[in-house]
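Undergrad: One structure, as structure tokens, below. Some questions next.
The values are calculated or read from the model by the stated rules, or taken from the named source; none is laboratory data. As the structure is a prediction and not an experimental result, all values here were calculated from the model. Here the Cβ positions follow ideal geometry from the backbone for every residue, glycine too, while neighbour counts run over all protein chains shown.
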Amino acid sequence: MKKNYDEPIYKVKQAGNIADEAIQSEIKNILLSESFAVLSTQGDGQPFSSLITYACSEDFKKIIFATPLATKKFDLISKCSKVSIMVDTRSSNPESINDINAITISGDALIAEDNQDKTLYLSLLVKTHPYLESFVNAPTTGIISVNVEQYLYVRKFQEVIEWTP
């Protein structure tokens, strides 16, 4: 299906605007309404991207996801905790390219090993994605929490706003 998008709005904006409460609310709404994200990891001198489902902690300081233990994704996170996650609104099928928003989340990914944390994260994932219950509870699945350092929110094609929860 081909989209006939309008021209992007091109205005040079300075990155680094700090998110006010209204912008924080926009970011939270996008994170809660989208089901999928792209995780970027690194290793062996190469970047690596993976599609994930995720859940957010109540304070938005953590992003939680699950992955099979026997994957490159899990191996790379084990070796280098620095990751980024991109969530965008393309799936909403906006008519204008200027209405597509994206959030890049940077942080440190940690493998949940503490039983109390793991139980909390499993419950959050299953509450958000009930269809994943068998997968996230499998002994061959690892639970990852990303401690969010920063959200970079891009809206209106190029307006960049920072938020540190």
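Undergrad: Kindly evaluate SER134 against the criterion of being exposed (fewer than 12 other Cβ atoms within 10 Å of the Cβ) and of a type in the set (Gly, Ala, Ser).
TA: Working: exposed (fewer than 12 other Cβ atoms within 10 Å of the Cβ): yes; of a type in the set (Gly, Ala, Ser): yes.
Yes: the conditions hold for SER134.
Undergrad: Please verify whether THR119 is in contact with a Cys (Cβ under 9 Å, 6 or more places away or on another chain) and not acidic (Asp, Glu), treating the condition exactly as stated.
TA: no
Undergrad: Of the residues THR71, THR89, THR128, only one is polar (S, T, N, Q), farther than 16 Å from ILE27 by Cβ and touching a residue at least 40 places away in the same chain (Cβ under 8 Å); which?
TA: Numbers: THR71 fails: touching a residue at least 40 places away in the same chain (Cβ under 8 Å); THR89 fails: farther than 16 Å from ILE27 by Cβ.
Going through THR71, THR89, THR128 in turn, just one is polar (S, T, N, Q), farther than 16 Å from ILE27 by Cβ and touching a residue at least 40 places away in the same chain (Cβ under 8 Å): THR128.
Undergrad: Now, a different point. Is at least one residue of segment 54-76 among the polar types (S, T, N, Q) and touching an Asp or Glu at 6+ places or on another chain (Cβ under 8 Å)? First the steps, then the outcome.
TA: The initial filter retains those residues of segment 54-76 that are among the polar types (S, T, N, Q), namely 57, 67, 71.
Restricting the remaining residues to those that are touching an Asp or Glu at 6+ places or on another chain (Cβ under 8 Å) gives none.
No, the conditions are met nowhere in segment 54-76.
Undergrad: Here is a check on your reading of the model: is SER49 exposed (fewer than 13 other Cβ atoms within 10 Å of the Cβ), part of a strand (DSSP E or B) and at pLDDT 95 or above?
TA: Details: exposed (fewer than 13 other Cβ atoms within 10 Å of the Cβ): yes; part of a strand (DSSP E or B): yes; at pLDDT 95 or above: yes.
Yes, satisfied.
Undergrad: From the list LYS82, LYS156, exactly one residue is surrounded by fewer than 17 Cβ atoms within 10 Å (Cβ to Cβ) and over 19 Å from the mean Cα position of the chain (by Cα). Which is it?
TA: Step by step, each of LYS82, LYS156 is checked, and only LYS156 is surrounded by fewer than 17 Cβ atoms within 10 Å (Cβ to Cβ) and over 19 Å from the mean Cα position of the chain (by Cα).
Undergrad: Identify the residue in segment 52-66 that is touching a residue at least 40 places away in the same chain (Cβ under 8 Å), surrounded by fewer than 18 Cβ atoms within 10 Å (Cβ to Cβ) and not polar (S, T, N, Q) and, among all such residues, is nearest to THR89 (Cα to Cα).
TA: The residue in question is PHE60.
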